[in-house]
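Asker: Right, I'll just put the structure down here and ask away after.
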Amino acid sequence: MDVERVGDLTAAAADRWGERTFATLGDTTLTFNDLRRWSDAVAADLVAHGVSRGDRVMMLMVNRLEVLAVTAAAWRIGAIAVPVVAIYRTHELLDIVGDSKPAAVVTTARLGDRRLAEELDSCLKSVGVEPVVRYLADPDEPVPGWMVLPAASTTADPAAMPEPSPAEDECLRLYTSGSTSAPKGVRLNSPAVIFGGRQFHDRLGVDESHVGLALAPVAHIAGMLAAGLVPLTCGASAVIMPRWDVTAAVALIDEHRVTWSLGAAVFLKDLVEEYERRRTEGLHVLRYYVSGGANTAPELIRRADALGMWAARTYGMTEAAGVVTLAPRDAPLDRLAEWDGKLADNTDVRILDELRQPVPPGTEGNIWFRSPQLLLGYTDPELNQAQFDGGWFDPGDRGLVSEDRWMRITGRTKDIINRGGEKFSTADIEHVLDRHPDIAEVAVMGVPDERLGEKVCAFVVARPDSEPPTPQALAAFMAEQDVARAKVPAEWHVVDRLPRTASGKIQKHLLRAARDGAESTA
């Protein structure tokens with residue numbers, strides 16, 4: 001499907017796939033035609049209230065079909081869709097609302113014990129922003145000053161609406177906290193967003209015969225790809241989970257014959273363990289899983305393969321509208337397990353040393369890349385100055401690239417531990433510890449050491465049915481794995497859980513802050 005503007009995607013998809021299923025959430029199913037009728041109705045109402053090209057339309061919701069309808073509506077009239085993950089509270093929302101200055105906002109009256117509409121009202125008032133319209137996605141509980149989001153209609157006249165914005169203009173703004181920082185506004189345009197969805201067709205063959213599982217928040221790039229962008233560009237259907245639950249996920253995969261999904265390594269690990277536990281039940285096994293994050297252990301990829309599931313690591317980020325690398329579906333298992341995918345066809349990369357000089361293929365260094373997938377820029381000019389250089393983008397990662405364009409990520413720039421001049425990756429240590437039978441999850445980082453500069457620190461979560469391993473037992477295990485002694489953690493912490501972003505990535509900065517706080521009060 002040859003579409004250049006995201007504002008044309010919904011109509012083009014409906015023209016081609018019409019009454020085929022677009023997305024399913026619980027008992028509700030939308031066809032591609034349903035999405036067009038609903039998004040046109042919302043678009044017409046936005047225009048009637050004065051929303052115009054370049055205005056921001058903010059959505060604060062958990063996984064609901066309304067996120068997709070409102071995003072498509074914003075794109076149809078040239079506005080900028082701003083979906084926001086609902087884990088953010090007032091602390092983060094004040095910054096996001098002040099930065100985006102939305103002309104329209106969409107939310108629900110409640111989320112658990114939170115009053116989302118009132119919370120958002122308070123933030124808007126605090127920063128002095130007055131949207132022209134406020135919509136509630138649920139009609140059951142009225143809130144003063146808020147109106148119910150329009151339902152699907154056949155009366156909206158597309159000809160009366162403005163043209164979508166040009167392809168090069170900003171169309172999507174996502175706020176990402178990543179694993180190390182506060183929320184950042186990422187500005188994406190049509191080529192980035194459309195190619196992000198198309199890659200799964202080009203590399204994995206995802207098409208109208210496929211069904212995807214959206215297990216990450218739809219307001220996050222991984223969830224938006226699975227729930228919206230891949231269906232709109234490739235014709236695949238989507239099954240959307242309201243929240244992650246591995247038992248429910250396996251049931252949905254079996255019921256809907258789901259073929260593919262993408263997300264963090266923790267979701268893949270849960271799926272593999274559930275399938276291994278229920279191996280004799282004859283369940284339909286997910287065909288493809290694209291796992292983001294260098295902490296996807298090679299052994300996990302091989303365990304998935306033994307179950308009949310193609311799984312591969314990928315290098316991706318919000319700043320590139322999804323994945324920068326993706327393995328072809330016919331790649332050999334060793335490539336899938338040991339590498340982080342093959343660079344996208346539209347992406348150039350250079351690996352530089354500390355002096356910003358290029359290094360030979362296969363040599364580790366700092367990653368810089370450029371691509372039409374790349375963000376237009378952050379909303380914060382200081383971040384743009386820090387991470388862009390003549391069109392090249394510094395994501396803050398280290399790795400290497402082979403002559404045939406396969407990439408291996410060795411860690412974040414900050415995740416390289418320098419222990420007395422010996423440098424090594426935290427991901428490498430995490431992969432070793434992940435083999436321990438009593439460890440469910442692990443995160444490794446470098447912490448200050450008076451003599452060596454840095455030492456290795458590990459946070460581990462024990463399996464529910466196991467006793468937490470002692471530091472002595474863990475050190476002995478690493479010795480058994482024939483790991484260099486310098487990589488054996490000098491500091492261990494057994495914790496109940498690892499803090500994660502909405503997409504499942506470990507937030508090491510929160511672990512570091514908790515450790516430093518505990519030390520300062522000791």
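Asker: Kindly sort 213, 333 by accessible area of their heavy atoms, largest first, with the probe set to 1.4 Å. Intermediate values should be presented prior to the final figure.
Answerer: Numbers: 213 0, 333 55 Å².
From most exposed to least exposed: 333, 213.
Asker: Residue 413 to residue 207: extension gain in nm, 0.36 nm per residue of separation minus the Cα-Cα distance? Intermediate results must be reported in sequence, preceding the final value.
Answerer: On the way: separation 206, 0.36 × 206 = 74.16 nm, distance 3.68 nm.
Answer, rounded to one decimal: 70.5 nm.
Asker: Now for a different question. When the solvent-accessible surface of protein heavy atoms is calculated with a 1.4 angstrom probe, in what order do 494, 85 fall, highest first?
Answerer: Working: 494 80, 85 15 Å².
Largest to smallest exposure gives the sequence 494, 85.
Asker: If each residue of separation counts as 0.36 nm, what is the full-extension length gain between residue 482 and residue 127 once their alpha-carbon separation is subtracted? Don't jump to the answer; show the numbers that get you there.
Answerer: On the way: separation 355, 0.36 × 355 = 127.80 nm, distance 5.62 nm.
Between residue 482 and residue 127, full extension yields an extra 122.2 nm.
Asker: Right, something else. Sequence gap at least 6, Cα distance under 8 Å: using those rules, report the relative contact order of the chain to the nearest whole percent. Working shown, then result.
Answerer: Working: 1120 pairs, mean separation 59.0, N = 522.
Dividing the mean separation by the residue count of the chain yields 11 percent.
Asker: Take every DSSP beta bridge with both residues inside region 102-213 and express the antiparallel ones as a percent of the total, to the nearest 5. If you can, show how the numbers build up before the last one.
Answerer: Numbers: 7 of 13 bridges.
Percent antiparallel among DSSP bridges in region 102-213 is about 55.
Asker: Loop only by DSSP, 10 or fewer other Cβ within 10 Å of the Cβ. Give me the GluC sites (Glu not before Pro) in region 1-73 that pass, ordered by residue number.
Answerer: Working: sites: 4, 19, 66; in loops: 4, 19.
Sites meeting the loop and neighbour criteria: 19.
Asker: Relative contact order for region 144-288: what is it in percent, counting Cα pairs under 8 Å that are at least 6 residues apart?
Answerer: Details: 186 pairs, mean separation 25.2, N = 145.
The value is 17 percent.
Asker: Just read off the accessible area of residue 303 with the full protein assembly in place, 1.4 Å probe, to the nearest 10 Å².
Answerer: Answer for residue 303: close to 80 Å² accessible.
Asker: Name all residues of region 223-259 having a backbone nitrogen under 13 Å from the label point set 7 Å from the Cα of residue 283 along its Cα→Cβ direction, giving them as ranges.
Answerer: 245-258
Asker: Which pairs in the list 184/342; 125/505; 184/269; 101/505; 125/508; 101/269 are over 30 Å apart, alpha-carbon to alpha-carbon?
Answerer: Details: 184/342 27 Å; 125/505 32 Å; 184/269 28 Å; 101/505 28 Å; 125/508 33 Å; 101/269 39 Å.
With Cα atoms farther than 30 Å apart: 125/505; 125/508; 101/269.
Asker: For the chain, what is the accessible area per residue in Å² when the probe is 1.4 Å? The partial results should precede the final answer.
Answerer: Working: 21330 Å² over 522 residues.
The answer is 41 Å² per residue.
Asker: About its Cα centre, what dipole magnitude does the chain give when the only charges are +1 on Lys and Arg Cβ and -1 on Asp and Glu Cβ, stated in debye to the nearest 20?
Answerer: Values: 56 positive and 75 negative charges, 45 e Å.
The calculation lands at about 220 debye.
Asker: Still on this model: Out of all DSSP beta bridges in the chain, what portion is antiparallel? Express it as a percent rounded to 5. Working shown, then result.
Answerer: Working: 48 of 87 bridges.
Of the beta bridges lying entirely in the chain, close to 55 percent run antiparallel.
Asker: So what's the back-of-envelope 222 nm ellipticity for the chain, counting only DSSP H runs of four-plus at -39500 (n - 2.57) apiece and dividing by all residues, rounded to 500?
Answerer: Working: 16 runs with 163 residues, N = 522.
Using -39500 (n - 2.57) per qualifying helix, the result is -9000 deg cm²/dmol.
Asker: Just flag the GluC sites (Glu not before Pro) in region 346-440 sitting in loop per DSSP whose Cβ has no more than 10 other Cβ atoms within 10 Å.
Answerer: Details: sites: 354, 364, 382, 403, 422, 430; in loops: 354, 364, 403.
When the GluC sites (Glu not before Pro) of region 346-440 are filtered for loop state and at most 10 Cβ neighbours within 10 Å, 354, 403 remain.
Asker: Computed from these coordinates, which is log10 I(q)/I(0) by the Debye sum over Cα atoms at q = 0.07, 0.09 Å⁻¹: (1) -0.74, -1.01; (2) -0.68, -0.90; (3) -0.39, -0.65?
Answerer: (3)
Asker: How much FRET efficiency would the formula 1/(1 + (r/R0)^6) give for residue 111 and residue 403, where r is the Cβ-Cβ distance and R0 is 51 Å, rounded to 0.05? Don't skip to the answer; put the middle values down first.
Answerer: Values: r = 50 Å, r/R0 = 0.98.
After rounding to 0.05, the efficiency reads 0.55.
Asker: For region 430-498, which trypsin sites (Lys or Arg not before Pro) are in a loop by DSSP, counting at most 16 other Cβ atoms within 10 Å?
Answerer: Working: sites: 435, 451, 455, 485, 487, 497; in loops: 435, 451, 497.
Hits after loop and neighbour filter: 435, 451, 497.
Asker: Express the carbon and sulfur contribution to the solvent-accessible surface of the chain as a percent, rounded to the nearest whole number, probe 1.4 angstrom.
Answerer: Numbers: 10260 of 21330 Å².
Of the solvent-accessible surface of the chain, carbon and sulfur hold 48 percent.
Asker: I'd like the distance separating the alpha-carbon centroids of region 82-97 and region 264-329, in whole Å.
Answerer: 30
Asker: For region 1-102, what does the alpha-carbon gyration tensor say about shape, rounded, prolate or oblate, given a ≥ b ≥ c as the root eigenvalues, a/c under 1.5 as rounded, and a/b over b/c as prolate?
Answerer: Values: a/c = 2.25, a/b = 1.43, b/c = 1.58.
Here region 1-102 falls in the oblate category.
Asker: Follow-up. Roughly how many nanometres apart are two label points built 7 Å out from the Cα toward the Cβ at residue 384 and residue 354?
Answerer: Result for the modelled spin labels: 3.2 nm.
The values are calculated or read from the model by the stated rules, or taken from the named source; none is laboratory data. Keep in mind the model is a prediction, meaning the values are calculated, not measured. Reconstructed Cβ throughout: ideal geometry from the backbone, glycine too, with neighbour counts over all protein chains shown. Calculation scope for accessible area: heavy atoms of the full protein, side chains included, ligands and nucleic acids excluded. Shrake-Rupley method; radii C 1.70, N 1.55, O 1.52, S 1.80 Å.
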